[in-house]
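Data first, discussion second: the structure below is written as structure tokens.
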Amino acid sequence: MTDLATIAERLDNAARTATAIPQLAADAGIDVDTAYAVQEALVAHRLARGETLVGLKMGLTSRAKMAQVGVDEVIWGRLTDAMRVDDGGTVSVGGLIHPRVEPEVAFLLDRLPEPGEPLADFASAVRAVAPALEVIDSRYRDFTFSLPDVIADNTSAAAYVIGPWQPVPAGIDNLGVLLEVDGRVVQTGSTAAILGDPRRALTEGVRLAGRHGVQLRTGWVFLAGAATAAVPLKPGAHVRAVVESLGTASLKAIP
Ligand code: OOG
Ligand code: MG
């Protein structure tokens, strides 16, 4: 059996050299719990290079996403400061393997929500909400993976853009979501697609990350998961997420 450290190192090298690798979990006998330990070891390489942990992201919180990748479990991953791209900023696709982009909703945490805390208390745990974009880039060949593989690979996290933060409006459970590439709408959805209500993604994130000893912190960013399928990110593309009532987040892909 390949040990965790070796798998984490392979995934780290794959990301740093933008080279796809075969899936590893099945051969190495890695289950979901072990996969989260690999993820921690993988992100530890980033932290050792001076990056800091700034939040968490949820994955596969919508049917559209589950169907796209053929995995139907909600997952979570870690966000570092180096993955953050300014709103309207550039993402260099040359440093990525086969990047995709997807529209997201981001939360800025005010305090640690309690596990099982009622949704009604959400507004006191979250300081602000923003439209966002996530760039995902599976380190596995053909963007194909099992559940433990995608968890080990830090849920394909590569980069993210946060639009303007704003106070949490009364209802965020059914806001229209658009993904535009070069001014053309390529995906449409609703925040209702995110576990019925994106606030539920936070509840799930607290619960699932808590199982692995990870507590959310004040000031952390939280990505609730994409409301629509992701689309390939091509050099030259101008990409924009539009979330009704929240506004937009955008990026430009460069070679
Ligand atoms: C896994 C990451 C999923 C989301 O928002 O659902 C994700 C993948 O699709 O590669 O980030
Ligand atoms: Mg995502």
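The values are calculated or read from the model by the stated rules, or taken from the named source; none is laboratory data. What you see is a predicted model; the values in this text were computed from it and never measured. Counting neighbours? That spans all protein chains shown, and the Cβs are built from the backbone with ideal geometry, glycine included.
Brief remarks follow.
- The lone exception for T90 - which of (1) away from ligand 2 (no atom under 13 Å from the Cβ); (2) buried (at least 21 other Cβ atoms within 10 Å of the Cβ); (3) assigned to a strand (DSSP E or B) it fails: (2)
- Segment 109-142, subset in a helix (DSSP H, G or I) and not basic (K, R), residue farthest from R207 (Cα to Cα): D142
Listed here are the residues, each with its yes/no results for (1) closer than 15 Å to G213 by Cα; (2) within 12 Å of the chain's Cα centre (by Cα).
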position: L47; (1), (2): no, no
position: L60; (1), (2): no, yes
position: K65; (1), (2): no, yes
position: Q68; (1), (2): no, no
position: V74; (1), (2): no, yes
position: G77; (1), (2): yes, yes
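- Enumeration of residues in segment 108-159 that are more than 14 Å from ligand 2 (Cβ to nearest atom) and of a type in the set (D, E, K, R): D110, R111, E114, E117, D121, R127, R139, R141, D142, D149
- Annotation: W220 fulfils all but one of (1) more than 15 Å from the chain's Cα centre (by Cα); (2) more than 16 Å from ligand 1 (Cβ to nearest atom); the unmet one is (1).
- Helices (runs of 4 or more DSSP H) fully within segment 22-80 counting 2 or more residues that are more than 16 Å from ligand 1 (Cβ to nearest atom): 25-28, 32-48
- Listed conditions (1) modelled with pLDDT of 95 or more; (2) surrounded by 17 or more Cβ atoms within 10 Å (Cβ to Cβ); (3) within 16 Å of ligand 1 (Cβ to nearest atom) are all met by P232, apart from (2).
- Extreme residue, nearest to F107 (Cα to Cα), among residues of segment 46-85 that are small (G, A, S) and surrounded by fewer than 21 Cβ atoms within 10 Å (Cβ to Cβ): A82
- Test result for G183, away from ligand 1 (no atom under 11 Å from the Cβ), in contact (Cβ under 8 Å) with a residue 12 or more places away in the chain and in contact with a Gly (Cβ under 6 Å, 6 or more places away or on another chain): no
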